[in-house]
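The block underneath contains the structure these notes are about, expressed in structure tokens.
Throughout, read-outs are computed from the coordinates displayed, never taken from laboratory work. All values reported here derive from a predicted model rather than from experimental measurement. Heads up, the Cβs are rebuilt from the backbone with ideal geometry, glycines too, and the neighbour counts pull from every protein chain shown.
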Amino acid sequence: MMPVQQPTPSASWSRPAERIMAAINRDPLTAPHAVRNDALLAVLTAGLSVALGLFVDDGRRPDALGWALLLVSHVPLVWRRRSPVLVLLAVVACVVPYHFLEYTHTAATQAAYVALYTVAVTGRPLRTVLVGIGVITLSVSVMLTISAHEALGLLKASGWVVAVLFLGVDVRFYRQYVASIVERAERAERTREEEARRRVAEERLRIARDLHDLLAHSITLIGVQTSVAAHVLSADPERLDRETVAKALDDIAETCRGARGELRTTLEVLREHDSPDARGPLPGLDGLPDLAEAARLAGARVEQTVRIRQAPPAVGAAAYRIVQEALTNAVRHAGPEPAVRVDLVEREGALHLSVSDDGTGPAPGGTPGFGLVGMRERARTVGGTLDAGPRADGGFEVTAVLPLTKTGTGTTGTGTTGTGTTGTGTVGEGTG
């Protein structure tokens, strides 16, 4: 049988302290069991007043009328939270004749103090000040009808009235302060939840864009390379160029391996439960030569020029994806053996990107895809702009301006020119 753990002394002391602090912090107008608690308070206060009436000698001992006035003055305290001012007036209505008949004065102060505290803790400071002035004035006026000496003594004792009122005002301000802290904490929690939802939505959009760019690029290249192999097999079966077929199949296998690697990197983000901000390695400007080489293998003649220092990771990733999408659409839509030019230049604190081709233009009535939308979203994510459309001398051009944060220096490089065999479509105009 397991021994029962006894509560430690500190824990047993902390529980009543927590209850007391909870009662102090709680709004008296919304506290549960208000009438029951106030009825209990009225009984306890009445018991204290009776004890003072019996054992304190600062007036004559109450008779039947005095006890009636003393006990009745505590009855309104049961409803002190609902109507604090009316309760105070009812208490005063019983206490004034009690003092006028010179019964034990100390015994009648308990109910008045509770009523004054309630008025101060539930109302505005201005009302508290006016009520305090009124109570002191009325009390002194009543005592003046008895004797000037008693009135002077009451005026000296009015500091207790002021102290009770200040206590009520102080507790009221403290409760307002605690309520404001709780409200700020709840608002901060709501803000964190909204921020978490926004981050999830942005991450989903980022993954969708990455998957779109990756699959569109890879599937397009695989389709073109497969067409090359099929063309070689069917063009002249008697003089089969096995070397060309083998090269086309190797290119397909290499494209599949690269796509599989990128797809694995992207999907790893979805499996990260412990690190919601994990985004995996971002592609950058150093991957542009691979994009150009893949487009050449698919039949495009690509000329690439890169004159830019090191770019921030987010800008480099956006530029990489924009170039990838533009090259994919050039291979797909720009016609046979399209000539594509890729330029990336740093100018006036921004990366100026341009991808143009000499293709035949988009097919009339074609259904637009998500290519241009995705590229514009990528440019906006880094504070840039993107334009795309037909060129005046034929073909299609995508231009983007991406702001740069100057962090370090890099190298300047120039790409090479390559040629291929086949391709179709216009850059940026719809991808599958």
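If the chain between ARG257 and PHE166 were fully stretched, how many nm would it gain, using 0.36 nm times the residue separation less the Cα-Cα distance?
So the extension gain works out to 24.9 nm.
Which length gain, in nm to one decimal place, applies between VAL56 and VAL75 when the Cα-Cα distance is subtracted from 0.36 nm times their residue separation? Write out the running numbers ahead of the final one.
Details: separation 19, 0.36 × 19 = 6.84 nm, distance 2.24 nm.
Extra length from VAL56 to VAL75 when fully extended: 4.6 nm.
Going by C-beta contacts inside 10 Å, put GLU194, GLU377 in order with the fewest on the left. Don't jump to the answer; show the numbers that get you there.
Values: GLU194 10, GLU377 17.
Neighbour counts put them in this order, fewest first: GLU194, GLU377.
Go through 301-311, 323-333, 247-257 and give me the packing order, highest mean Cβ count within 10 Å leading.
323-333, 301-311, 247-257
Let me see the P(r) profile for segment 47-131: every Cα-Cα distance counted, bins of 10 Å, each bin given as a percent of all pairs.
Taking every Cα pair in segment 47-131, the percentages come to 20, 48, 25, 7.
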